[in-house]
Every structure is written in structure tokens, then in C-alpha cells.
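K.L.:
Can you keep this structure in mind? I'll have questions shortly.
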Amino acid sequence: SLTQRLTKVVKTIRGQARLTESNMQDMLREIRIALLEADVAIPVVKDLIARIKEKALGTEVQTSLTPGQALVGIVHDELTKVIGGEDPENVREINLATQPPAIILLAGLQGAGKTTTAGKLGKWLKEEKKKKVLTVSADVYRPAAIDQLQTVSQQANIDFFPSTPNEKPLDIARKALEYAKLHYYDVLIVDTAGRLAIDEQMMNEVSDLEKFLNPIETFFVVDAMVGQDAVNTAKAFGEKLPLTGVILTKVDGDSRGGAALSVRMVTGKPIKFMGVGEKLNGFQRFDPQAMAGRILGMGDIVSLVDEVRKNVDIEKAQKFAEKMRKGDDFTLEDFKDQLAQVKNMGSFSSLIEKLPAQFAQAAGQVDDEQAKKQLARTEAIIDSMTPHERRKPEIIKASRKRRIAAGAGTTVQEVNRLLKQFEQSREMMKMMKKGGMGKMMRAFRS
Ligand code: GDP
Ligand code: MG
């Protein structure tokens with residue numbers, strides 16, 4: 001990663017108090033390579049390097065930092081800035097301020113993720129903004145494309161306006177708009193056809209749709225994995241359409257996020273959302289700071305810490321720490337509280353994604369559904385016990401185990417597994433009583 005690269009170079013210039021043309025040269029070369037490896041387009045890299053150099057020249061290196069750390073800080077800041085980090089938050093807000101239905105047009109190459117995004121965005125608008133959403137497909141080239149939008153709309157629990165490959169895109173748009181007005185939809189999402197590469201006909205078609213519909217949002221949907229190509233595609237779409245924003249998809253993949261830099265610089269439009277998975281809940285607001293961290297290869301530690309802090313019930317955690325300190329016994333009630341907190345942290349895979357790449361790889365793939373089911377089963381088992389049993393699980397006999405298993409809709413083996421797991425946690429707690437836990441809790445509070 002860039003951080004590792006710099007650490008290596010930095011050794012040679014340690015002890016110098018100022019970043020200069022000559023001591024920065026090696027570092028800038030490393031940054032250039034790292035940016036290229038992160039799939040940032042060449043012209044964008046050049047521009048960035050120039051900015052970084054200008055910013056860094058003559059910078060006094062604080063005594064607490066090495067020159068390399070100082071430079072990484074500057075690179076991080078510049079990256080964040082370039083992808084919109086200095087824009088006010090509302091620039092990335094979705095704009096629906098118009099006479100309903102607010103029309104959202106999705107444009108981009110084939111396979112960019114438009115149809116998936118139509119479902120994700122629709123679900124998000126319904127759940128987060130309480131909007132009544134209709135989708136329609138103007139992709140008349142592949143019959144399967146229309147079916148696909150119908151499927152994702154159903155999954156997203158939003159309405160779908162049927163179309164057929166025999167119709168003209170403009171006719172489809174007209175009919176869908178009429179229907180949306182008649183039935184008081186807040187939002188109409190229009191999915192369009194894409195080609196594998198830019199072509200005149202496709203561009204004209206989507207441009208005609210834009211002129212006819214006059215959408216409040218025209219999003220360029222782009223695959224974060226395309227890397228260097230992002231510049232050309234973004235340029236072509238940006239010239240043909242009055243884009244209002246960008247949606248970056250497949251940010252969950254191997255991509256290092258370089259496309260984000262390129263697209264933002266070329267279009268000058270805010271990246272508003274990002275797709276982070278094939279499933280419909282893999283959709284988030286775009287966070288420039290986090291993306292800059294990803295490009296730098298540092299992982300999104302900051303936001304991981306925030307997330308944990310936000311979701312752990314601080315009061316309960318403190319009470320628990322207190323209890324540990326006083327030397328009370330760890331019970332299944334505490335165990336259940338802890339599970340509930342884990343559940344509150346949301347999707348496991350999204351938490352793991354925020355870890356630096358090395359850790360995330362070690363953690364491997366987490367199946368959210370599996371993990372949630374497991375948690376629910378464990379809770380059901382604990383709920384089927386009497387309060388006395390929760391405090392003193394060792395009194396649970398075979399006949400009670402069978403009753404508990406039946407009550408929780410599971411097997412005696414599962415009950416045994418849970419009791420064993422609990423016993424191990426209790427052992428661990430005993431060891432942590434010596435102060436380790438208190439320290440952890442203080443970290444959460446700070
Ligand atoms: P379209 O041709 O632009 O409509 O693209 P699709 O919506 O059909 O998506 C193309 C492929 O990319 C499908 O296999 C999707 O499941 C996948 N895809 C879309 N968005 C994401 C994403 O955010 N992450 C991942 N991993 N896959 C995605
Ligand atoms: Mg499609």
C-alpha cells in the first residue's frame with residue numbers, strides 16, 4: 001500500500017525538518033506509482049501530484065511526525081478534497097425538490113450497475129425518505145433487462161411500470177410519466193440501455209430521454225473497477241448529458257477506488273452514492289474521507305471506530321464494566337446483552353470491509369444472513385431458560401435442555417454448544433477482570 005511504500009522511502013530522509021524538492025522526489029514517485037496502482041487515470045495523477053507538491057513544499061514537519069507521515073497526511077487531504085471532501089454535505093444530498101414525480105435518470109455503460117442501482121436507490125428512497133417510488137426500463141435491446149428491473153423492483157418492494165422491447169424508449173418514458181402523475185408517485189426512476197462501449201446511437205437515445213423527461217437528477221452510473229477507462233467514459237457522458245451527480249458501483253470489489261478520483265475530476269459532479277454489493281442493501285452515501293483512506297490503503301479505521309461507538313449501548317457497557325470490576329459473575333443475561341449489541345452494529349460484512357485490507361482478508365467473507373440467524377437462535381435459546389438458569393447454567397439438566405431446545409425450536413446439541421461457548425466466555429471474562437475490560441470501555445467513551 002501507499003503507506004508501506006512511503007515508510008520505506010521515508011527512512012532515507014528521516015531527520016530533515018522540511019519537505020523539499022529533493023527530499024520529496026522519491027516519495028512523490030512512490031505516490032505516483034501507488035495512485036496508478038489504485039487505478040487513478042494518468043492525467044488525474046499528474047494533476048494530483050502537482051497539487052501535493054505545491055502543498056508540501058516548504059511544509060514544516062512537526063516534530064511528532066516523520067516527513068513521510070506529514071506527506072501521507074497531505075496526500076490524504078488532497079485526495080479527500082479532489083473527491084468532494086470540501087463540498088458542503090448537502091451537495092451530495094439527492095435532489096427531489098420539484099413538482100412530483102421527481103424523475104431520476106440513470107445513464108452509463110452496459111454492466112455498470114444501472115438496473116441494480118435502480119432497485120437499490122428505490123429501496124433507499126422508500127426506506128430512508130419515505131417516498132412512493134416507481135421504476136421503468138427504457139432498455140429495449142435486451143428483453144431480459146426489463147425482466148431484471150421488474151425483479152429488483154419486487155425485491156426492493158417498490159412499484160414497476162411494465163414496458164416491452166417493441167416500444168420506443170421515448171414512448172415508454174411518456175407512458176410511465178403519465179402513470180406516475182396519475183398515481184401520485186413521488187419519484188420515477190428511469191433505467192436506460194447501455195452499450196459495452198460508448199456509441200453514438202446509445203448516447204443520442206439517452207440524451208433524447210433526458211431532454212424529454214427533464215429529470216431533476218441525471219446520474220452517471222460507473223463501475224469502480226473500470227479504472228483508467230473511467231476518464232473517457234465519464235467525459236463522453238458528461239459532454240452529452242447535463243449530469244447532476246455520479247453513482248459509483250462495485251466499490252466492494254477489488255477496486256482501490258481510483259475511478260472515484262478520475263470521475264469526479266472529469267465531470268466535476270458530486271459522487272452521491274456508492275454501491276457496495278450485489279444485494280439491494282449494498283448501497284451507501286458516498287463518503288470522500290473514507291474513500292481517500294481506501295485509496296491510500298489504510299482502510300477505514302476512523303469510521304469503523306465511530307460506528308462501534310455509535311451503536312454500542314454505552315450505558316449498558318459501562319454497567320457491565322462496573323460489574324466486572326466488582327467481580328460479579330458473568331451470566332447468560334450479560335451474554336445476551338452483548339449479543340444484542342453485536343446485532344446493533346449492523347451488517348458484519350460492512351464492518352469487516354472497513355478494516356484495512358490485511359485484516360479484512362484474514363477475516364474472510366462473512367455471510368450476514370448466516371450470522372444473523374445464528375444470533376437469533378442463540379437469543380431464542382437464552383430466552384427459553386428461566387432467570388435462575390441464566391444466572392447458573394450449570395444447574396441445567398438433560399431434561400431441561402430438551403425443554404429449552406423445544407422452546408427455542410432447536411436441538412439439544414445447539415443448546416450444549418451455546419453453554420460451552422458461554423463457559424469459554426466466562427473464563428475469558430475472569431481473566432479480563434484484572435482491568436482489561438475497563439480499559440476497553442474507556443476507549444469507547446473517549
Ligand atoms: P447495467 O447493465 O448497468 O444495468 O448493470 P446491472 O445492474 O445489470 O449490473 C451488472 C452486474 O454488476 C450484475 O451482475 C450486478 O449484480 C453487478 N453489480 C451491480 N452493482 C454492484 C455492486 O455495487 N457490487 C457488486 N459486487 N456487484 C454489483
Ligand atoms: Mg440494465
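The values are calculated or read from the model by the stated rules, or taken from the named source; none is laboratory data. All values derive from a computational prediction rather than experimental measurement. With ideal geometry, Cβ positions are generated from the backbone for all residues, glycine too; neighbour counts draw on all protein chains shown.
K.L.:
Pairs under 7 Å by beta carbon, first residue within 16 Å of ligand 2 (Cβ to nearest atom) in region 257-276, partner modelled with pLDDT under 90, six or more apart or different chains?
P.N.:
Close Cβ pairs satisfying both conditions: Gly275/Val251.
K.L.:
Can you tell me which residues in region 99-144 are within 13 Å of ligand 2 (Cβ to nearest atom), part of a loop (DSSP other than H, G, I, E, B) and touching a strand residue (DSSP E or B) at 6+ places or on another chain (Cβ under 8 Å)?
P.N.:
Gly108, Leu109, Gly111, Ala112, Gly113, Ala138, Asp139
K.L.:
So, one more: Yes or no: Asp229 among the charged types (D, E, K, R) and buried (at least 20 other Cβ atoms within 10 Å of the Cβ)?
P.N.:
Values: among the charged types (D, E, K, R): yes; buried (at least 20 other Cβ atoms within 10 Å of the Cβ): no.
Answer is no for this residue.
K.L.:
Can you name every residue in region 241-291 that is touching an Asp or Glu at 6+ places or on another chain (Cβ under 9 Å), modelled with pLDDT under 85 and assigned to a loop (DSSP other than H, G, I, E, B)?
P.N.:
Within region 241-291, Asp252, Gly253, Ser255, Arg256, Gly257 meet the criteria.
K.L.:
Could you check Val190 against (1) within 16 Å of ligand 1 (Cβ to nearest atom); (2) outside any helix (DSSP H, G or I); (3) in contact with an Asp or Glu (Cβ under 9 Å, 6 or more places away or on another chain); (4) of a type outside the set (D, E, K, R) and say which number it fails?
P.N.:
With (1) within 16 Å of ligand 1 (Cβ to nearest atom); (2) outside any helix (DSSP H, G or I); (3) in contact with an Asp or Glu (Cβ under 9 Å, 6 or more places away or on another chain); (4) of a type outside the set (D, E, K, R) applied to Val190, the lone miss is (3).
K.L.:
Restricted to region 257-291, and to residues that are charged (D, E, K, R) and over 13 Å from the mean Cα position of the chain (by Cα), which residue is surrounded by the fewest Cβ atoms within 10 Å (Cβ to Cβ)? Steps first, please.
P.N.:
First pass over region 257-291, keeping only residues charged (D, E, K, R): 264, 269, 272, 278-279, 285, 287.
Subsequent filtering for residues that are over 13 Å from the mean Cα position of the chain (by Cα) retains 264, 269.
Working: Arg264: 23, Lys269: 20.
For region 257-291, the residue satisfying everything is Lys269.
K.L.:
With (1) under 20 Å from Gly113 (Cβ atoms); (2) within 15 Å of ligand 2 (Cβ to nearest atom); (3) in a helix (DSSP H, G or I) as the list, and Phe160 as the residue in question, which single condition is left unmet?
P.N.:
Among (1) under 20 Å from Gly113 (Cβ atoms); (2) within 15 Å of ligand 2 (Cβ to nearest atom); (3) in a helix (DSSP H, G or I), Phe160 violates only (3).
K.L.:
State which residue is nearest to His183 (Cα to Cα) when the search covers only region 95-112 and only residues that are surrounded by fewer than 22 Cβ atoms within 10 Å (Cβ to Cβ) and away from ligand 1 (no atom under 14 Å from the Cβ). Steps first, please.
P.N.:
First, pick out the residues of region 95-112 that are surrounded by fewer than 22 Cβ atoms within 10 Å (Cβ to Cβ): 95-100, 110-111.
Checking the rest, the ones that are also away from ligand 1 (no atom under 14 Å from the Cβ) come to 95-100.
On the way: Asn95: 21, Leu96: 17, Ala97: 19, Thr98: 17, Gln99: 14, Pro100: 11 Å.
Step by step, filter region 95-112, then rank; the result is Pro100.
K.L.:
From the list Val226, Val221, which residue is aliphatic (A, V, I, L, M), within 27 Å of Asp39 (Cα to Cα) and not in a helix (DSSP H, G or I)? Spell out how you get there, then give the answer.
P.N.:
Values: Val226 fails: not in a helix (DSSP H, G or I).
Of the residues listed, the single one that is aliphatic (A, V, I, L, M), within 27 Å of Asp39 (Cα to Cα) and not in a helix (DSSP H, G or I) is Val221.
K.L.:
Name the residue that is surrounded by the most Cβ atoms within 10 Å (Cβ to Cβ), counting only residues in region 393-407 that are under 15 Å from Phe335 (Cβ atoms) and without any contact (Cβ under 8 Å) to a residue 24 or more places away in the chain.
P.N.:
In the first step, residues of region 393-407 are kept if they are under 15 Å from Phe335 (Cβ atoms); the result is 393-394, 396, 404.
Next cut, without any contact (Cβ under 8 Å) to a residue 24 or more places away in the chain only: 394, 396, 404.
Details: Glu394: 7, Ile396: 20, Ile404: 24.
Per the criteria, the residue is Ile404.
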